[in-house]
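Worksheet: the structure to be examined is printed underneath.
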Amino acid sequence: MITGDAPPTTTKTVHALWERLTRELADVLDAHGICAAVAYEIAVYSELTVVVGLSDPQGKYYDVWVCPPNGNITQARWPTGKASFRLLSAANRPLVQQKYQLPPKEVISSELWLLARDEVLFVPLPFPAGRSSLVPAGALCLIDPPAGYLFDITSIEPLAIHISTFLERAFLRHRTDRQEVEFAIVYDLTSSLTSTLSLDSIFSQITDPVRRILNVETVSIGLVEPASGDIIFVDMLMGPLFRQLPTIRLKPGQGIAGWVASQGEPVIINNVQTDERFYRSVDHSSGFRTNSILCVPLRVEQRVIGVLEAINKQDGNFSDNDLRLLQAITGPLAAALENAWLHADVLAEKRRIETIFANMSEGMLTVNAEGRVTAANDAFLSLAQVEVGQLLGRLASEVIHLNNEGGFAALMARVIDSAEEVPHIACELAQGREEQVPVLVSGAPIHNEANELSEAIYVFSDLRQIREVERMRDDFFHNIVHELRTPLATILMYARLLREGKARDDSAKADRFLGVIERESDRLQRMVRQMLQVAKLNAREIQRSSELVRLNAVFDDMLPPLAEQALQKGLTFSQRIPADLPPVMGNQETLYMIFKNLVDNAVKFTMSGTVSVKCLVQDESIQVEVRDEGIGIPRSAMPNLFKRFYRTQTAVERGIAGTGLGLYMVKEGVEKHGGSLDVQSVEGKGTTFTVRLPAAVE
Ligand code: ATP
Ligand code: MG
């Protein structure tokens, strides 16, 4: 040892220092406070420069307290390489190191050796070391202790043990504190999760606390898609890098998440880049770099519903403690996710039922166990002609009037008893005050889990339309039979007359008879052709034979005989058609049929007045207007006008011939040409049909 300093003069003892330290450290419960107090007390008491260093858990740096004899303590952070405490980790006991024995390179780069002139007495902290893995390695250094002074290697030992006790107490306390904090966070998290039903808020609740307690860069949740078993990552958790990317999806077993989901076991991987399970393409496309992953499965009962990943531990490696923490929240998290799903399912189901309920064309009504109306859809309101306010909460038997025996109450009783599959009755529903609507009402009870009646649902089908269809069908048969029978009877009669020789000697007469036969056969043929045309339209033959059609030619061909017919009937016929109409892409035969039917109808259903055909070209479309001053079409007939075989009651009553196929074919034909058909009519005043067809570009 180097001499030259004043020899120690004091009666100071290690024991006295021990006592001072014990007093000082009694209330200090954090490691940093202990280190600072130790450095200060020893320095001031021994009049030496004292250094106390404490390593961080990863061994990257030391927190260092340097105290000269005057007590002017400073705190610093030295990188491990510059701290020169390395010697100790090998020795694990107190030792004295001479400065001159060290390689100059080491001395120059050392923070510690800057402080020492000749030598340093090193004491490992805690001492003896290795008692607890919780305690990071530290060192107590006395700089240039004079020979034979207060401390030597043996006398320092009991003091070091004493200090170590305080340090360990601090570390234990720290661990308990940390566990308490972790427990509090996990507790908070789980209790807030149990009260959450929205996936979004689950995700936002989980991210921050998990990031904080584990000290990781990011957290992600992958959910197993039930249908495919793929794992789909929740993008909103992944941070801005991932927002622009398509959803990340892993096949079953793919990547670390896939492995965890399929094995149902957690993993800690501190260097994912060397792990063959790691799926690189996500990092490639996002630019994010994954270093370490802690991944745990999320289970509901035995099913794995997803995985929770903590990514990139910020201070070193994932530990078993991190795993324990993450596992502590997976149970509540999985349950919360499952609940949120179920809730979302229930909501979706509810919305679906509401949509069906609201949009059914049938009237629907629900009635609760007390017999009060709980809901009614728009179709019901318009069928019964009531406001919803007149129904809700009221007794159904009082507000819904059926003309069956016992009224609505009788039907309700049958539905609740439900001996029949679905009880239903055909009766009339009072519409507003006076009218009655024919309806078919059926009902079904809805039971709760305890199998008690909670509600019953009633469906009201408007029979008016069905009746109308039935009437149309009857009319059609009647028409067909009538239309076919008349010419057939005539043909038969004249043929018989000829066979009986009634015109044997009279060739003019025979000629007339044959003329009648010919005309009536023509009529039959026309009717058959019309029916064939309908069949052809349905078979969509037009699209297959499309060509440029000149409407002028169609009108030139079609209008003169119809005009003649109108004139013969005593009507005025007017036509205004430009000579150079643009062509139309389509089928000539169909276009002919469209206009022929419309003009034919106009002439047929007009007893006196004018029939006019007007044509104009507007914005690349051709508009043809067929107007008459005939019997008109009642408003109630409008919904059925273009249906097959439909004829208005007025037309039938007036005995105007027809099969009711014309307008059906017109509408089909116009639609197949990409055009539109519009009708305006006032009963007793007249009708205007307007056809718009797209003009073809030549
Ligand atoms: P078809 O055309 O098959 O020989 P139809 O003329 O009776 O028979 P549609 O052309 O389909 O049948 O017309 C259907 C019904 O619409 C007619 O029966 C008639 O009641 C009504 N209708 C059509 N056009 C007019 C019109 N211009 N004025 C008044 N009623 C019309
Ligand atoms: Mg017609």
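The values are calculated or read from the model by the stated rules, or taken from the named source; none is laboratory data. Just so we're clear, the structure is a prediction, and the values are computed from it rather than from any experiment. Heads up, the Cβs are rebuilt from the backbone with ideal geometry, glycines too, and the neighbour counts pull from every protein chain shown. Protein only, heavy atoms only, side chains kept; ligands, DNA and RNA dropped before computing areas. Shrake-Rupley method; radii C 1.70, N 1.55, O 1.52, S 1.80 Å.
When region 54-76 is limited to residues that are in contact (Cβ under 8 Å) with a residue 40 or more places away in the chain and open to solvent by less than 40 Å² (accessible area, probe 1.4 Å), the one that is farthest from ILE163 (Cα to Cα) turns out to be GLY59. Only a single criterion out of (1) within 16 Å of ligand 2 (Cβ to nearest atom); (2) modelled with pLDDT of 85 or more is not satisfied by GLN623, namely (1). Within region 457-509, restricting attention to residues that are touching an Asp or Glu at 6+ places or on another chain (Cβ under 9 Å) and of a type outside the set (A, V, I, L, M, F, W, C), the residue that is farthest from VAL415 (Cα to Cα) is TYR494. Scanning region 384-405 for residues that are under 23 Å from ARG464 (Cα atoms) and outside any helix (DSSP H, G or I) yields GLN385, VAL386, GLU387, ILE400, HIS401, LEU402, ASN403, ASN404, GLU405.
For LEU411, the stated conditions hold: it is out of contact with any helix residue (DSSP H, G or I) (no Cβ under 6 Å at 6 or more places or on another chain) and in a helix (DSSP H, G or I). Of all residues in region 261-294, those that are among the acidic types (Asp, Glu) and buried (at least 18 other Cβ atoms within 10 Å of the Cβ) total 0.
Screening VAL652 against (1) among the β-branched types (Val, Ile, Thr); (2) away from ligand 2 (no atom under 14 Å from the Cβ); (3) open to solvent by 40 Å² or more (accessible area, probe 1.4 Å) leaves a single unmet condition, (2).
Return the residue satisfying two criteria in turn: it lies in region 451-510 and is acidic (Asp, Glu) and touching a residue at least 60 places away in the same chain (Cβ under 8 Å), and of such residues it is nearest to ARG526 (Cα to Cα).
Top of the filtered list is GLU483.
The residue list LYS672, LYS643, LYS685, LYS667 contains one member that is over 24 Å from GLY609 (Cα atoms), more than 16 Å from ligand 2 (Cβ to nearest atom) and charged (D, E, K, R), which is LYS672. Just to be sure, is ARG627 surrounded by fewer than 17 Cβ atoms within 10 Å (Cβ to Cβ) and near ligand 1 (Cβ under 10 Å from one of its atoms)? No; evaluated as a whole, the condition is false for this residue. Does LEU172 satisfy the criteria of being at pLDDT below 80 and out of contact with any strand residue (DSSP E or B) (no Cβ under 7 Å at 6 or more places or on another chain)? In short, no.
Check whether at least one residue in region 566-586 is within 12 Å of ligand 1 (Cβ to nearest atom) and either under 30 Å from ARG473 (Cβ atoms) or open to solvent by 60 Å² or more (accessible area, probe 1.4 Å) (or both), and report yes or no. No; the residues of region 566-586 include none that is within 12 Å of ligand 1 (Cβ to nearest atom) and either under 30 Å from ARG473 (Cβ atoms) or open to solvent by 60 Å² or more (accessible area, probe 1.4 Å) (or both).
Only residues that are open to solvent by less than 10 Å² (accessible area, probe 1.4 Å) and either within 10 Å of ligand 1 (Cβ to nearest atom) or closer than 22 Å to GLU653 by Cβ (or both) were counted in region 594-612, giving 6. Of the residues making up region 195-221, those that are open to solvent by less than 20 Å² (accessible area, probe 1.4 Å) and either touching a residue at least 40 places away in the same chain (Cβ under 8 Å) or basic (Lys, Arg) (or both) are THR196, ILE202, ILE206, VAL210, ILE213, LEU214, VAL216, THR218, VAL219, SER220, ILE221. The residue pairs whose first member lies in region 80-97 and is in the same structural domain as ILE143 (by TED's automatic domain parsing) and open to solvent by less than 70 Å² (accessible area, probe 1.4 Å), whose second member is among the β-branched types (Val, Ile, Thr) and at pLDDT 70 or above, and whose beta carbons are closer than 6 Å, counting only pairs six or more residues apart or on different chains, are PRO94/VAL123; PRO94/ILE153; PRO94/ILE156; GLN97/VAL120.
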